[in-house]
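The values are calculated or read from the model by the stated rules, or taken from the named source; none is laboratory data. Remember, predicted model here, so these are calculated numbers, not experimental data. Note: ideal-geometry Cβ built from the backbone for every residue, glycine included; neighbour counts use all protein chains shown. For accessibility, only protein heavy atoms count, side chains too; no ligands or nucleic acids. Shrake-Rupley method; radii C 1.70, N 1.55, O 1.52, S 1.80 Å.
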Amino acid sequence: MTAMAPAVGSAEAIRRFNSHDGKTARRRRLVTRIVTHACIWVGVLLSLFPFYWLFAMSTQTTAQIFGFPVDFFPSNQLWINIRGVLSNIDLLGALRNSFIVSGSLALLVMFFDSLAAFTFAKFEFPGKTVLFRILLVTFLVPGSLSLVPSFVLMSRLGWVGGLQALIIPGAANAFGIFLLRQFCETSLPNELIESARVDGAGFFRTYWSIGLPMLRGGVAFLGIFTFIGSWNDYVWPLVILVNPNVQTLQPALAQLNTMYSTNYGWVMAGALISVLPLIAIFIIGSRHFIANIAAGAVKG
Amino acid sequence: MTAHTTGVPLRAKPRNRPISEARGTRTRSALRFWPQYVSIAPFYLLFVVFGAFPIVFSIVISFTDWDGMGRMTFVGLKQYQYLLGDARFWQSVSNTFIIWIISTIPMLFIALVVAFLLHQNIRLKSFYRVALFIPNVTSMVAIALVFGSVFSDQFGLANAFLKWIGGSNAGVAWLTDPWGIKITIALMVIWRFTGYNAIIYLAGLQAISSEIYDSARVDGAGTWRIFSRITIPMLRPVILFTVITSTIGGLSLFTEPQVLLGNTGGTNNAGSTIVLYQYYQAFQNFDFGYGSAIAWALFVLVLLFAIINWRLVSGRKEDEFGRALPGPIGRWRQRNTAKKEAGR
């Protein structure tokens with residue numbers, strides 16, 4: 001390329017664009033655009049195909065699923081499969097438990113993390129730097145390290161088999177505090193807090209009527225993020241929910257798979273039930289959610 | 001509650017008081033901040049009870065022989081000695097690393113390409129973003145079941161496809177062949193995280209100001225030069241972030257192999273990862289001592305990676321305008337250019 005390429009929008013560029021050169025350039029741009037869309041569509045189809053396939057399999061009999069040639073289209077067995085699953089395994093109970101666990105965990109995390117983040121972002125107090133550093137270090141601790149001792153601790157507390165074992169330990173976390181602190185710094189002006197102080201509002205009052213409302217975007221994101229993470233959590237409920245009658249969705253689904261592996265239509269119908277609520281929640285909050293995930297990574 | 005408890009901002013401490021008096025003031029002033037301490041306390045309390053204590057306790061357990069119920073017998077370093085000679089442990093380590101490599105490298109590369117495609121000013125962008133991101137929020141158990149049927153040895157869709165392309169002899173024993181198992185697991189990881197990483201790269205690309213591109217173009221830089229000299233260096237922190245998260249995720253792989261292949265990791269344990277082996281030893285064999293030793297071995301591996309990552313990150317510092325200052329490699333380059341110019 002020469003150093004004399006015309007600047008975008010200059011008279012020279014417009015003249016070239018309108019001339020014969022411009023026509024080929026336009027055509028080339030069109031081709032580029034089509035190729036770009038085609039490549040992305042390959043990715044989109046690969047992303048979405050397992051969902052379609054899950055749906056298609058849950059409408060078929062096991063014989064159809066493993067038949068040859070492969071049957072690509074949905075059949076009419078969906079209700080039969082769903083009824084079969086629900087009458088043999090308490091999937092609705094597991095669904096309810098998952099809602100209890102993920103919902104209450106999300107609420108607790110939203111409250112405790114936003115309160116701590118608000119404090120770290122907007123107030124000075126002795127030991128703050130050290131305490132925040134400790135918080136960052138806890139990021140490095142992998143959860144799988146404490147699988148065995150946590151189980152022992154839970155059995156000493158008498159929480160093995162109880163849903164509280166899935167809720168209480170995660171009720172406040174370093175990730176959320178760190179994330180919301182970033183939000184505080186960008187979307188919560190110091191003047192606002194200062195003026196609340198001048199008006200005589202105490203600390204908790206300032207948090208509740210100024211901090212929390214101003215942070216609602218970040219807090220909502222953290223809530224959805226926590227809900228999804230907890231909903232999909234597998235290893236910890238698998239270890240701790242020893243009572244087969246008190247399960248959350250993921251271990252219940254795995255149980256369904258081992259108990260009825262010969263009836264694949266049922267297994268797929270169960271998987272479909274476990275996936276749908278989450279996808280609904282995600283699609284409702286998707287725009288916000290994706291923007292926040294990305295922003296967190298770029299800023300952090 | 002009165003206004004003074006809010007304590008913003010902390011005024012400069014008086015420096016010229018006698019020490020004893022200053023100490024008394026410090027205690028009193030620390031008490032003044034009780035609302036702040038109360039508000040951050042839940043995290044630290046929960047961390048001490050459910051985070052720090054179990055970790056310390058797991059060191060103790062790893063020095064014992066214990067089934068979780070009976071008597072704990074102290075055995076010293078025996079579990080670790082056994083670990084060093086345990087072929088299945090080392091197989092799990094190598095499985096984990098192989099799966100990590102064959103999933104992470106293609107995944108991050110494809111994600112970068114997808115991010116570039118999305119970065120063009122195209123229509124349907126928000127639809128594409130949602131569609132590519134959905135795999136990331138889906139439960140791994142359900143998806144492992146779907147993959148299990150698609151990659152089934154005999155009747156799976158993948159083999160049907162291979163036969164359609166390559167004739168009736170084509171086909172891979174995806175769930176019994178050691179490499180078939182690893183590839184299937186890696187494909188699940190790739191499927192789940194490519195869109196996520198692409199969205200993150202896209203945000204990184206959007207954060208690069210278009211003025212930089214324009215001025216590079218004015219200076220006569222071609223597409224490849226712009227890509228290698230501007231885009232990639234400016235994306236470096238974002239790429240580092242994705243490498244760190246994929247490393248942590250890759251080293252703690254569990255759900256995919258467990259649901260797909262069971263607690264032993266399938267034929268000849270070809271799909272047994274470190275965390276799965278730990279789970280198997282602790283909660284199927286009820287060998288809590290050995291399970292904890294495996295957990296600590298994993299921790300050492302994660303720590304090694306964290307140190308490597310930290311060294312890479314700490315190379316990057318910012319000047320007062322928030323611009324990235326050159327890291328160790330950049331400084332070395334600068335020195336080299338300076339030397340060259342001095343020699344000229």
> Could you say whether any residue in the stretch A:77-90 is open to solvent by less than 70 Å² (accessible area, probe 1.4 Å), modelled with pLDDT of 85 or more and among the small types (G, A, S)?
Replying inline: yes
>> Just to check your reading of the model, which residue among B:I239, B:I230 is in a helix (DSSP H, G or I), of a type in the set (V, I, T) and open to solvent by 40 Å² or more (accessible area, probe 1.4 Å)?
In response: B:I239
>> So, in the stretch B:235-257, exactly how many residues are of a type in the set (A, V, I, L, M) and in contact with a Pro (Cβ under 9 Å, 6 or more places away or on another chain)?
In response: 2
> When residues of the stretch A:212-240 are filtered for being away from chain B (no Cβ under 11 Å), in contact (Cβ under 8 Å) with a residue 40 or more places away in the chain and not polar (S, T, N, Q), how many remain?
Replying inline: 9
>> With the structure loaded, tell me whether A:I283 is at the interface with chain B (Cβ under 8 Å from one of its Cβ atoms), more than 19 Å from the chain's Cα centre (by Cα) and modelled with pLDDT under 90 or whether it fails that test.
In response: no
>> Among the listed residues B:V93, B:V75, B:V141, B:V130, identify the single one that is out of contact with any Ser or Thr (no Cβ under 7 Å at 6 or more places or on another chain) and among the β-branched types (V, I, T).
In response: B:V93
> Can you name every residue in the stretch B:74-121 that is closer than 30 Å to A:I283 by Cβ, within 14 Å of another protein chain (Cβ to nearest Cβ) and open to solvent by less than 20 Å² (accessible area, probe 1.4 Å)?
Replying inline: B:M107, B:A111, B:A115, B:L118
